[in-house]
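Reviewing the structure listed below.
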Amino acid sequence: MINNLFDSYGDDSEIRRQRHLARELRHSQWWKRRCAKGICQYCGARVAPRELTMDHIVPLSRGGKSAKGNVAAACKPCNTHKKQLLPMEWETYLEKIKAET
Ligand SMILES: [Zn+2]
């Protein structure tokens, strides 16, 4: 049911618009400063700034926006995990990380 609700946001032109906004956000000083810290927002790992990728916390395909509140600097392992895992499994992964730190 929840998926159906989100799917109503999922029209292609809106996703294209959000992808364009993401590209602009990636070039912003705000994002560069965030990456300069070299810390993954998910697992807290220290990585080289260029190793950090922009991740949408709520994916664009789920109606997420390319806004400051919805993007995170993620290391490659976290980014790969997030793509591979179901949203539920990703939540479990994050909880596990928090419990360990
Ligand atoms: Zn990470």
Having 1 or more residues that are touching a Pro at 6+ places or on another chain (Cβ under 9 Å) is the bar; report the helices (runs of 4 or more DSSP H) wholly within the chain that clear it. 29-36, 76-84, 87-100
Looking only at the stretch 59-81, filter to residues that are open to solvent by 60 Å² or more (accessible area, probe 1.4 Å) and more than 17 Å from Arg33 (Cβ to Cβ); which one of those is nearest to the ligand (Cβ to nearest atom)? Pro77
Return the total of residues in the stretch 25-47 being without any contact (Cβ under 8 Å) to a residue 24 or more places away in the chain and open to solvent by 40 Å² or more (accessible area, probe 1.4 Å). 6
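The values are calculated or read from the model by the stated rules, or taken from the named source; none is laboratory data. Not measured: the values here are computed from a predicted model. Quick reminder, even Gly has a Cβ in these numbers, built from the backbone with ideal geometry, and neighbours come from all protein chains shown. Surface areas here come from the heavy atoms of the whole protein model, side chains and all, with no ligands, DNA or RNA. Shrake-Rupley method; radii C 1.70, N 1.55, O 1.52, S 1.80 Å.
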